[in-house]
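Take a look at the structure below.
The values are calculated or read from the model by the stated rules, or taken from the named source; none is laboratory data. Keep in mind it's a predicted model, so treat the numbers as computed, not measured. Quick reminder, even Gly has a Cβ in these numbers, built from the backbone with ideal geometry, and neighbours come from all protein chains shown. When the accessible area is computed, the model is the full protein with side chains, heavy atoms only, and any ligands, DNA or RNA have been set aside. Shrake-Rupley method; radii C 1.70, N 1.55, O 1.52, S 1.80 Å.
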Amino acid sequence: MRLETLALLLSMAFSVSTVRSQETETTSEQKAETQLRRAYLGDLAKQYTLTVESMETPLAFTEDALLFYSNPTKELGSTHGSTFLWLDGKRPLAACSFSIRRPNNSVGLEFSSFTEKTLECRRQGRLTWRPDRWNCEPLSITGAPAPASQASHRLVQMRALARQFDARCFDRRSGEATDLRLLPQPLYRYSDSDKGISDGAIFAYVISNDPELLLRLEAIESGGDLVWQGSFARMTSRQIEVTKDGTKVWEIENFYDKGRAYDRPYLETRAETSLGFDLFQQRQARE
């Protein structure tokens, strides 16, 4: 009996060890796949350049993604996504996201403008996007305390100001509303004295951790004083509504209600089919 019991215990231990080994291998494979897909999205993003009007010099690009995300809540949601910014000096003028989407692993892109200036986005010389206005004119944030003198205190203030806005988006077919969650830390923080910006940050309102709306919040010089100013940029095709203290401060219709157009401040379209990732994977294997 003792030998049988010992054999049973050893068999159970071996089975547990095998399962753990398989889990480790699966986790390692998943991590490697995620890293490969993120590298692919980063490589794809760098193929796009953005200029202001007809300027020859492209805007700077945040080569490292500010946010990696996925969205399991949508039927056609993303399995892997990356968000970047285009910068004029240090100030963000536009945001972009690239995501691998269910069910066929095609890649979608989203571009969104923070400026009234005409932008020209090209991929390998081909014009992709040419907005000539911003999503949301800058909003003066009244009743807010003046920007603090210390950077750490200003960050506390900006986080509190961002929390004052309640945002939600609406399903085009059902009209069902989904509340967006504010990520507590900004995706990006900057200052640009040449543009009169003492401090600035980009905050994201999300579903899961997928950014649906961005807020560019800045402490700017106005009449010799520092004041807070905010501007929204959509990152979803859905209708969006933003309120503050129960009062609507900004809203925008569903992107597809007016048909897809490439001269609007927000663009959603397909960047590549699944073949793009397959080709990237083959190139990586050869290197």
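Listed values, structure above:
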read-out: Residue in segment 212-235 that is under 23 Å from Gln35 (Cα atoms), of a type outside the set (Asp, Glu), at pLDDT 95 or above and touching a strand residue (DSSP E or B) at 6+ places or on another chain (Cβ under 7 Å) present; value: no
read-out: Residue list for segment 122-167, filter: in contact with a strand residue (DSSP E or B) (Cβ under 7 Å, 6 or more places away or on another chain), over 17 Å from Tyr266 (Cβ atoms) and not in a loop (DSSP other than H, G, I, E, B); value: Arg122, Arg123, Leu139, Ser140, Ala151, Arg154, Met158, Leu161, Ala162, Arg163, Phe165, Asp166
read-out: Yes/no for Leu36 being buried (at least 17 other Cβ atoms within 10 Å of the Cβ) and modelled with pLDDT of 80 or more; value: no
read-out: Matching residues, segment 176-197, being part of a strand (DSSP E or B) and surrounded by fewer than 20 Cβ atoms within 10 Å (Cβ to Cβ); value: Ala177, Thr178, Asp179, Arg181, Leu182, Arg189, Tyr190, Ser191, Asp192, Ile197
read-out: Those residues of segment 110-159 which are closer than 15 Å to Ala233 by Cα, open to solvent by 30 Å² or more (accessible area, probe 1.4 Å) and in contact (Cβ under 8 Å) with a residue 24 or more places away in the chain, in sequence order; value: Lys117, Asp132, Arg133, Trp134, Glu137, Pro138, Leu139
read-out: Residue selected from segment 77-101 under the condition farther than 22 Å from Arg264 by Cβ and touching a helix residue (DSSP H, G or I) at 6+ places or on another chain (Cβ under 7 Å), by the criterion most open to solvent (accessible area, probe 1.4 Å); value: Gly89
read-out: Only one of Gly175, Gly259, Gly196, Gly200 that is modelled with pLDDT under 95 and touching an Asp or Glu at 6+ places or on another chain (Cβ under 6 Å); value: Gly196
